[in-house]
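Notes to accompany the following structure.
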Amino acid sequence: MAEILVNRLGPVGNIVVSNLEKFNAMTTKMWADLPARIAEFDTDPGIRAIVLSGDGDKAFISGADISEFGAERSDATSQLRYGELVHNAYTAAAKSSKPVIAKIRGICMGGGLGLAAGCDMRICADTARFRMPAGRLGLGYEEAGVQRFVSLIGVQNTYDIFFSARIFDAQEALRMGFVSRVVPTEQLDAVVDELTANISDNAPLTMTALKLTVQSFLLNPTNPNTPTVHAAIQACNSSEDYAEGVNAFAQKRKPIFMGK
């Protein structure tokens, strides 16, 4: 069955793309459901980090379910509707106030590559394989999506993966800057768990302010200092958590942050 699965482990919200028969390819319904699942965790005050992964050990997400294209992308109107669903899924992680980490095992291609690019961080297994096959399908890739890749991996690497449509491995993804870490497959879960545990110990308002600042910079590099960003930074500096952090440092103890 093709579906978006969710589970909560303490302060971490896990979102699992499950379509095992098709290497976790995204159906239309799954594109529509993903933003809602992220938003549910985002509004939960007990969740400090969100992890996006694929079901099983063969794939993160292999892309869109191409078998649906005949029905879902048959004319200009349906293409626009489908494109909006995909765009909303690609941008859902960036819109979340909480860190979203892509845990990549196995195949990460097409729409899976786009979803991973929309996350805040990407950590992959050393056996992961990546590809952007838009050129093999004759697809025009959305402008905002191309901008995300240019921001992440630069102009030359973006041209490379789109022009060639070639498969590249985990080490090359690291060299490009697409992923932050490559770890042995058997250690992937533990490494991501350690990262989310560290995030969960930190001040939530600081995490939110950082995300807003980074996203503002990506959208407008010449003037990232928006009123929203400034307000988020000020909220940190006048928060109870800031006072707790200072007191904990002075008392040589671990701070307990409440997100307010």
Fill in: Other-chain or far-sequence residues with amide H under 5 Å of GLY54's (modelled H)
VAL17, ARG105
Item to complete: Per residue of the stretch 111-121, in order, report the coupling 6.51 cos²θ - 1.76 cosθ + 1.60 (Karplus, θ = phi - 60°) as ³J(HN,Hα) in whole Hz, putting x for Gly and Pro.
Response: x, x, 5, x, 5, 4, 4, x, 7, 6, 9
Worksheet item: How large is the helix-only mean residue ellipticity at 222 nm for the chain, computed as the sum of -39500 (n - 2.57) over DSSP H runs with n ≥ 4, divided by its residue count, in deg cm²/dmol to the nearest 500?
Response: -16000 deg cm²/dmol
Response to the item:
In terms of the charge dipole of the chain, which places +1 on Lys and Arg and -1 on Asp and Glu at the beta carbon, the residue among PHE217, ASN247, THR206 farthest towards the positive end is ASN247
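For a footprinting-style exposure proxy, rank THR185, THR77, THR206 by other Cβ within 10 Å, fewest first. Provide the component values of the computation, followed by the final result.
On the way: THR185 15, THR77 8, THR206 20.
Lowest to highest Cβ neighbour count: THR77, THR185, THR206.
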Practice prompt. Give me the aspartates and glutamates in straight-line cross-link reach of LYS252: C-alpha distance below 15 Å, same-chain residues under 8 apart excluded.
Written response: GLU244
Worksheet item: Can you work out the base-10 log of I(q)/I(0) for the chain at q = 0.07, 0.14, 0.15 1/Å, using the Debye formula on its C-alpha atoms alone?
Response: -0.25, -0.98, -1.11
Worksheet item: Given charges of +1 on the Cβ of Lys and Arg and -1 on the Cβ of Asp and Glu, with all other atoms neutral, how large is the dipole of the chain about its Cα centre, in debye to the nearest 20?
Response: 400
Discussion item. Treating only the Cβ of Lys, Arg, Asp and Glu as charged (+1, +1, -1, -1), what charge dipole size does the stretch 99-226 show about its Cα centre? Round to the nearest 20 debye.
Written reply: 340
Worksheet item: Peptides 146-159, 80-93: what's the order by average Cβ count within 10 Å, highest mean first?
Response: 80-93, 146-159
Worksheet item: Listed here are the pairs LYS22/LYS211; LYS29/LYS95; LYS58/LYS260; LYS22/LYS103; LYS58/LYS211; which of them are more than 29 Å apart at the Cα?
Response: LYS22/LYS211; LYS58/LYS260; LYS58/LYS211
Practice prompt. Compare the peptides 108-115, 48-55 by average per-residue count of other Cβ atoms within 10 angstrom and give them in order, highest first.
Written response: 108-115, 48-55
Worksheet entry | Binned Cα-Cα distances of the stretch 202-250, short to long, each 10 Å bin given as a whole percent | 28, 44, 22, 7
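Since every read-out is calculated from the coordinates, none of them should be taken as a lab result. Everything numeric here is computed off the predicted structure, so don't read it as measured data. Neighbour counts are summed over all protein chains in view; Cβ atoms, including those assigned to glycine, are modelled from backbone coordinates with ideal geometry.
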